[in-house]
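> Structure in structure tokens, see below.
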Amino acid sequence: MPKKALVAFGAALGLGLIGIAPIAWGADAAVQASGQTPRSIQETVGLESDVAAALTLSTAVAKALESHPRLAVFSEEIQVRQQELRQAGLWANPELAIEMEDFAGSGEFSGTQRAETTLMLSQQVELGGKRAGRKALGRTDVALAESDYAAARAEVAAEATRRFVAVAAAQQRQALATEQHGLALQLLAAVDNRIAAGKSAAIERVRMESLVAETQLRQVQARQEEAAAWLALRALWADEARGAVAGAIEADLEQMPPLPDEAAMEARLEQSPAVLRQRLAGQRAGRDLELARASRIPDLSLSLGAKQMEESGDQALVAGIAFSLPLFDRQQGTIGAARSRQAQAAAQAREVRMALRTELGALRQQLLAAQAEAEMLRQTLLPAVQRSFEAITYGYKAGKFGFLEVLEAEQSLFQTRSRYIDSLETYHQAWAELEKQLGHPLSANEDQTLTSVSNQRGQ
């Protein structure tokens, strides 16, 4: 039998196939339905845990956003930028200098009788708006760090959603494998009845026994796949991973939210994390250019002090002003580099928009294709193959069809059901990626979609 048949196997005889049952099917419930001894996912992977309520998408995403170390890194980066902004607004420290002259020389200057001591306090005064420019640049750096944080949250939320969807699909495939095994047992009983009536050869039982064994193996594989999906999801929860429950989840993959039109997606594109970051990068390049231009204006150094003349005992004030003469260094290279960086940022912004439009277009087409496939399978193919299977099974019991026709109909049935699950998973995985690229949920109502998550800063 082809390998794909084993991956898809599992509907019970007589079940209507208008749609796949919701994913409230848990691993233990599915095994119990087949009459087998319950075997939990915890037992499969060697974990110990108490029974808990079904996991929801919002809970899974909230756990990931709360504990993922990547978000802590970006959160600390915001603190770094805020402290740098604080530093950028500070004045330069004043300078205190003590100067003594006309002492320890020769002749009448051999001692300190004719020494002159000057105490001088100097303060640098920045001109041209340099301090304001540094603060503006620092505020832009803070905004960039916050933008990176928001993008990281969108990535973590999307990854948690994708892994949640993978668990939901794995549980549905496990239920499919369990139904396949139950149906194989029913077919084995039908083969026994035909052999007892002399209508079939004994070799058909050997073939059917082999199929039953393969369905049992598929059940084990499905449990392992679900366990792996759970482990991948719990890995996003950091130190909570060991105590997490591997059980049922609350999700309905059949609920596919409608896509926004192209005009709405274009409007959302301008608020996406990638575009916002490039916009801020352009602003930062402009601030950098302004600061480079301000650096052409020399700063002043103002000084005020007092002089003590030991010989006469007289005292006097000393004042001074100093500034550099911009004869050679007028920051020509710094200004030119800042202009180039500004042009570079503008080019990068155009490139990011172009790449994002391409990515969103590809995701939209993938979503439309998965949606069309799922609807075609649910409305047309699934009912057709179900009716065909039931008719051939009935005909086999009545002696009108052979064993190979039954196997072929069964293979077609479960391949179609498995393909339906694949199309649903593909849709929700692409939806999560689309929300990541746009940086926020697409549904106004979180209850309308499996994958809508908030992107508010929470750490």
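The values are calculated or read from the model by the stated rules, or taken from the named source; none is laboratory data. These numbers were taken from a predicted model, which means no experiment stands behind them. So basically every Cβ, Gly included, is an ideal-geometry build from the backbone, and we count neighbours across all protein chains shown. Remember, those area values only see protein heavy atoms, side chains included, never the ligands or the DNA or RNA. Shrake-Rupley method; radii C 1.70, N 1.55, O 1.52, S 1.80 Å.
> Roll a 1.4 Å probe over the protein chains and send me the accessible area per residue for the stretch 284-323 in Å². If you can, show how the numbers build up before the last one.
Working: 2490 Å² over 40 residues.
Ligands and nucleic acids excluded, the result is 62 Å² per residue.
> Sticking with this one: Give, as a single signed number, the net charge of other residues whose beta carbon lies under 12 Å from the beta carbon of L404, with Lys and Arg counted +1 and Asp and Glu -1. Before the final figure, lay out the partial values.
Working: positive: R207; negative: E204, E405, E408, E410.
Surrounding charge for L404 is -3.
> Using 7 Å Cα-to-Cβ label points, what is the N93/S312 separation (nm, one decimal)?
The two pseudo-label positions are separated by 3.7 nm.
> Could you work out the local net charge near L85, counting Lys and Arg as +1, Asp and Glu as -1, over the other residues with Cβ closer than 10 Å to its Cβ? Please list the in-between numbers first.
On the way: positive: R81, R86, R134, K135, R139; negative: E84, D141.
Here the count lands on +3.
> Semi-axes of the equivalent ellipsoid of the stretch 137-217: what are they in whole Å, largest first, if each equals the square root of 5 times a C-alpha gyration tensor eigenvalue? Intermediate values should be presented prior to the final figure.
On the way: eigenvalues 714, 14, 6 Å².
Values for the stretch 137-217, descending: 60, 8, 6 Å.
> Using only the Cα atoms of the stretch 73-118, construct the convex hull and provide its projected area averaged over every direction, in square nanometres to one decimal. Provide the component values of the computation, followed by the final result.
Numbers: hull surface 21.7 nm².
That works out to 5.4 nm².
> Using the Kirkwood radius built from alpha carbon pairs, what does the Stokes-Einstein equation give as D for the stretch 232-361 at 10 °C and 1.306 mPa s, in µm² per second? Working shown, then result.
Values: Rh = 22.0 Å.
D = 72 µm²/s.
> Quick one: with all protein chains in place, what share of the accessible area of the stretch 60-177 is carbon or sulfur, to the nearest percent (1.4 Å probe)? Working shown, then result.
Working: 3080 of 5760 Å².
Its accessible area is 53 percent carbon and sulfur atoms.
> I've got another one for you. Just order 292-299, 216-223, 109-116 by mean Cβ neighbour count inside 10 Å, highest at the front, would you? Spell out each step's value before the answer.
On the way: 292-299: 17.0, 216-223: 18.9, 109-116: 14.1.
In descending order of packing, they fall as 216-223, 292-299, 109-116.
> Net charge around E126, counting only other residues with Cβ within less than 15 Å of its Cβ (Lys, Arg = +1; Asp, Glu = -1)?
Neighbourhood net charge equals +3.
> Mind checking which of G361, A337, P298 is farthest towards the positive end of the stretch 272-399's charge dipole, using Cβ charges of +1 (Lys, Arg) and -1 (Asp, Glu) about the Cα centre?
About the Cα centre, the residue reaching furthest to the positive side is G361.
> Using only C-alpha positions, report the orientation-averaged shadow area of the convex hull of the stretch 76-149, nm², one decimal. Could the numbers behind the result be given before it?
On the way: hull surface 30.7 nm².
Mean shadow area of the hull around the Cα atoms is 7.7 nm².
> Once every Cα of the stretch 274-332 carries one equal point scatterer and solvent is ignored, give the base-10 log of I(q)/I(0) from the Debye formula at q = 0.15, 0.22 Å⁻¹, two decimals.
Debye curve over Cα of the stretch 274-332, log10 I(q)/I(0) at q = 0.15, 0.22 Å⁻¹: -0.69, -0.89.
> Using Stokes-Einstein with the Kirkwood hydrodynamic radius over Cα pairs, what translational diffusion coefficient do you get for the stretch 254-301 at 37 °C and a viscosity of 0.692 mPa s, in µm²/s rounded to a whole number?
Translational D for this selection: 228 µm²/s.
> Over all directions, the average projected area of the alpha-carbon convex hull for the stretch 49-193 comes to how many nm²? Could you put the intermediate results ahead of the total?
On the way: hull surface 81.6 nm².
Computed as one quarter of the Cα hull surface, the answer is 20.4 nm².
> Still on this structure, please answer the following. Just from the alpha-carbon atoms, what are the Rg and Dmax of the stretch 311-442 in angstroms?
36.9, 135
> Quick one: which of 91-98, 248-255, 368-375, 79-86 comes out on top by average Cβ neighbours within 10 Å, and what's the full order, highest first? Numbers along the way, then the final one.
Values: 91-98: 10.5, 248-255: 19.2, 368-375: 16.6, 79-86: 14.4.
The peptides rank, most packed first, as 248-255, 368-375, 79-86, 91-98.
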